[in-house]
Amino acid sequence: MKKSNFISLDSLSLQDFDENSELIPLMTPEDEEQINNEQLPETLPILSLRNTVLFPGVVIPITAGRDKSIKLIDDANKGSKVIGVVSQKDEAIENPKAGDIHEIGTVARILKVLKMPDGNTTVIIQGKKRFSVAEVITEEPYINATVREVPEAKPAKVNKEFQAITDSIKDLALKIIKDSPNIPSEASFAIKNIESDSFLINFVSSNMNLPVKDKQKLLETNDLKERALETLKFMNIELQKLELKNDIQSKVQSDMNQQQREYFLNQQMKTIQEELGGGNAEEMEDMKKRAKLKKWDDKVGEHFEKELSKMQRMNPQVAEYSIQRNYLDLFLDLPWNEFSKDKFDLKRAKKILDRDHYGLDDVKKRIIEYLAVLKLRNDMKSPILCLYGPPGVGKTSLGKSIAEALGREYVRMSLGGLRDEAEIRGHRKTYIGAMPGRIIQSLKKAGTSNPVFVLDEIDKLSNSNQGDPSSALLEVLDPEQNSEFHDNFLEMGYDLSKVMFIATSNSLANIQPALRDRMEIINVTGYTIEEKAEIGKRHLLPKQLKEHGLTDNDLKLGKPQIEKIVEGYTRESGVRSLEKQIAKMVRYAAMNIAMEEEYNLKVNNDTIVEVLGGPKLERDKYENNDVAGVVTGLAWTRVGGDILFIESILSKGKGSMSITGNLGKVMKESATIAMEYIKANADEFGINSEVFDKYNVHIHVPEGATPKDGPSAGVTMLTSLVSLFTQRKVKKSLAMTGEITLRGKVLPVGGIKEKILAAKRAKIKEILLCEDNRRDIEEIKPDYLKGLTFHYVSDMKDVLKLAITKQKVKGAKKL
């Protein structure tokens, strides 16, 4: 054969072969006649194809990844090299059965097999003739079937209409190759050298961009003339799409050239305007005048001049111009080296703090200390304070009072739910819509570089794929680093060292350890009933009267009545719920005044019940000691201290122990330790050891819907179990808190002040604590401790001596 009768495998888009790939001969009429005379085997292994259809005479590469397909190819390559190729009805099927493949396929001969590095097998196959699947013999290890030949109905040798159709196919194919940038020009060489009409139709059908179902339909068409007409129809559609695509690309290119032309003209116009003194020259001059009034240093001034000259060279029509203008406006609006004058009248500052907040002595003391040092040195770096405590105790409002006491501007930034690092550091100004971070924006609004800056709810920071805001705050809240705080939009350092940052938090557990280390933690604890009543009288009632349009003469609410509201309708450490209840009382008065009806101007207890309903929190009261196994414990929660009851009961069984009440791991372990300690010391406690094998023990902590955990209930569970096994009463009006060990030691716990406040609310008289917690009690004001007796213990036996009486409960069981 001549060289023109060969086509390289590279033109078939097989990129896994090197440049020495063997050449596959194009189908000639002689080759076609030889194939037609070949006898079809009775049975063939069937290779199913997912996303292509093989036509007679056509050479295509196939990549086999399925184990069945690889085995089929290996077996056939060792034998006759003849296989049946059929396309799948659904390409998503991983392991096709007989019913999942089409009936009509093509006999193929394996020309070459290559093993790929990824484990797949690539095989070059050439179609021979069509066949139909008569009967599937086996499906394992691959499909084997008996087949029968499906001959093609070819027109007569001299058929002008058929010849015209094939000539049209060839012409259209050459035009598509010419107009399409994705088809190599060598393909036209292959089309021109095809001599067989049937091979031309099959070759074009195989390489057209058609769905598998359309190609399969062409393969199943017996009449070659009809197949040629269908192929011609599809080619016309493809050519129309290609021409439309090229037309669109031409228009787009024309539009881009027009934009470039307009940009060039705008640049020329800008140069002419600058020469004539027009355009944005007036705006530039205004910025230069404002810059002369700024107190920034030389480095900042040089940077501003550089950015201003960059803006002068910009085309006002481009998007970057507005970003650059906003950037320079921010530069001019920021208070560079502008500070408000601090007021160092410490007595006045103390009066302001006392006026706005009742109690909170530790916080006030720390603020006065800061003012004293600042007065003596006048250049102290501002500390980073973190006010930590339950909701409603006045952490956020302290910021306003501190700002007034210092004579500084007040800025508040809520961090709750913040999850984008750009909110802190800003966006890079290369992005459209870029803006500075909220730290820089807040300083711009404040107008000074030394405001009191409250970072509210710092424990509720979140993170996402936009970064970790708590990590971005590390630089802000580090006194050693924040003198050069870098904002991405500002692109240079800004001095935050004179800003007094005050963070607020309900919990320290959620604050990043590195961030917590940079702050000075000040614990803002809850209020006693007396303090709440005083706050309600001094602050909350006047505030609500003013907000509802009333005066002091429209409603009289005495301290005893406010105390009743506190005890019966609120249970928090703060005063937020108290304010809501007082607001209800004020609305009661406002409604009666508006309706011109009589009402009790001076509120009494009956009026409180009438307006607020019956007391809702009586369950916080201490119950009694008439039942064995019920002990009062003290717990710390996010909203302050609370009391909880540990209950235990015996039932006949085999000595198992169960625990309920939505308890965490720590409390469950405390119950287990208490039980084992009792078993080990049963004789000493007067408990018959046989009881442990005859009865099941169930421990329950009421309010199962509320999750509970923490190392505070060990001594309470121990006392409950000993009371249960001995059927003796627990000492009246006693509450306890502490953790235990197997050695019999009592361990100290935290949240002592909050727990004591909860005990007072519940009318507890005596409290049992670990000896190591004595120092916590000594730090609490004596006023908080009135009416309470404390017992300090270090051993479990001391706990039981103090807590368990010798008196049996009524109806005690005989164990």
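How far, in nm, would the chain grow between Lys806 and Arg538 when pulled straight, counting 0.36 nm per residue and subtracting the alpha carbon separation?
91.6 nm
Which order do the peptides 758-764, 683-689, 792-798 come out in when sorted by mean C-beta neighbours inside 10 angstrom, highest first?
For the peptides 758-764, 683-689, 792-798, the packing ranking is 758-764, 792-798, 683-689.
At 7 Å along Cα-to-Cβ for each site, give me the label-to-label distance between Asn463 and Ala372 in nm.
So the label points at Asn463 and Ala372 sit 4.0 nm apart.
Around Asp795, which amide H atoms from residues at least 5 apart in sequence, or from another chain, sit under 5 Å from its own amide H, with H modelled in the peptide plane?
Val746
What are the residues whose amide H is under 5 Å from the amide H of Ser87, where those residues sit 5 or more places off or on another chain and H is modelled from the backbone?
So Ser87 has HN proximity to Leu49, His102.
Relative to the first principal axis of the alpha-carbon coordinates of the chain, what is the inclination of helix 281-292, with its axis defined by its Cα atoms, in degrees from 0 to 90 and to the nearest 10?
Here the helix axis deviates by roughly 40 degrees.
Relative to the longest principal axis of the chain, what angle (0 to 90°, nearest 10) does the C-alpha long axis of helix 752-761 take?
Between the helix axis and the principal axis of the chain, the angle is about 60 degrees.
For the chain, build the charge dipole from Cβ charges (+1 Lys, Arg; -1 Asp, Glu) around the Cα centre, then report which of Ile649, Ala422, Val300 sits farthest towards its positive end.
Ile649
Under 17 Å Cα-Cα from Lys381, which lysines qualify once same-chain neighbours fewer than 8 residues away are excluded?
Lys341, Lys343, Lys498
If you place +1 on the Cβ of every Lys and Arg and -1 on the Cβ of every Asp and Glu, how big does the dipole about the Cα centre of the range 339-490 come out, in debye to the nearest 20?
So the dipole magnitude of the range 339-490 works out to roughly 700 debye.
With a Förster radius of 22 Å, plug the Cβ-Cβ distance of Lys365 and Lys341 into 1/(1 + (r/R0)^6) and report the FRET value to the nearest 0.05. Spell out each step's value before the answer.
Working: r = 24 Å, r/R0 = 1.09.
Efficiency for this residue pair is about 0.35.
Taking the alpha-carbon set of the range 529-618, what are its Rg and Dmax in Å?
Over the range 529-618's Cα set, Rg and Dmax evaluate to 12.2, 38 Å.
Among 181-189, 388-396, what's the highest-first ranking by average C-beta atoms within 10 angstrom per residue?
Ranked from most to least packed, the peptides come out as 388-396, 181-189.
Using the Karplus curve 6.51 cos²θ - 1.76 cosθ + 1.60 with θ = phi - 60°, what ³J(HN,Hα) values do you get for each residue of the range 430-437, in whole Hz, with x for Gly and Pro?
Computed from phi, the couplings for the range 430-437 are 6, 8, 5, x, 5, 8, x, x Hz.
Please name which of Thr122, His102, Ala134 has its Cα lying farthest along the dipole of the range 81-223 towards the positive end, using unit charges on Cβ (Lys, Arg +1; Asp, Glu -1) and the Cα centre as origin.
Thr122
When the chain is fully extended, how far beyond the present Cα-Cα distance does Leu114 get from Met657, taking 0.36 nm per residue of separation?
On the way: separation 543, 0.36 × 543 = 195.48 nm, distance 6.83 nm.
Going from the current span to full extension adds 188.6 nm.
Hey, with R₀ at 25 Å, roughly what FRET efficiency would Arg355 and Glu610 work out to, going by the Cβ-Cβ distance, to 0.05?
The pair Arg355/Glu610 has a calculated efficiency of 0.15.
Give me the one-decimal nm value for the distance between modelled label points at Gln163 and Gln249, 7 Å along each residue's Cα-to-Cβ direction.
3.7
Taking 7 Å along the Cα-to-C-beta vector as the label spot, tell me the Ser733-Lys310 distance in nanometres, rounded to one decimal.
In this crude label model, Ser733 to Lys310 measures out at 7.5 nm.
Please find the FRET efficiency linking Glu38 to Ala434, where r is the Cβ-Cβ separation and R0 is fixed at 51 Å, and quote it to the nearest 0.05.
With R0 = 51 Å, the Cβ-Cβ based efficiency is 0.10.
Mind ranking 774-782, 304-312 by how tightly packed they are, going by the mean number of other C-beta atoms within 10 angstrom, highest first?
Per-residue mean Cβ counts within 10 Å order the peptides as 304-312, 774-782.
Once fully extended, how much extra length lies between Asn688 and Ala98, figured as 0.36 nm per residue of separation less the alpha-carbon to alpha-carbon distance? Each step should come with its number before you reach the end.
On the way: separation 590, 0.36 × 590 = 212.40 nm, distance 7.68 nm.
Length gained, Asn688 through Ala98: 204.7 nm.
Note the angle between two axes, namely the Cα long axis of helix 160-179 and the longest principal axis of the Cα atoms of the chain, as a number of degrees from 0 to 90, rounded to the nearest 10.
Roughly 40 degrees between the two axes.
Rounded to whole Hz and in sequence order, give me ³J(HN,Hα) for the range 692-701 from the Karplus expression 6.51 cos²θ - 1.76 cosθ + 1.60, θ = phi - 60°, writing x for Gly and Pro.
Once θ is set to phi - 60°, the couplings for the range 692-701 become 5, 9, 9, 10, 8, 10, 10, 10, 9, 10 Hz.
Using the Karplus equation 6.51 cos²θ - 1.76 cosθ + 1.60 (θ = phi - 60°), what ³J(HN,Hα) coupling, rounded to whole Hz, does each residue of the range 346-356 give in order, writing x for Gly and Pro?
5, 5, 5, 4, 5, 5, 5, 5, 5, 5, 8
Using modelled amide H (1.01 Å from N, peptide plane; none on Pro or chain starts), what sits under 5 Å from the amide H of Leu768, excluding residues fewer than 5 places away?
Ala735, Met736, Thr737, His791
Any read-out appearing in this document is the output of simple, stated calculations on the displayed coordinates, not a laboratory observation. This structure is a prediction, so every number in the text was calculated from the model and none was measured. Note that we place each Cβ from the backbone using ideal geometry, even for glycine, and neighbour counts take in every protein chain shown.
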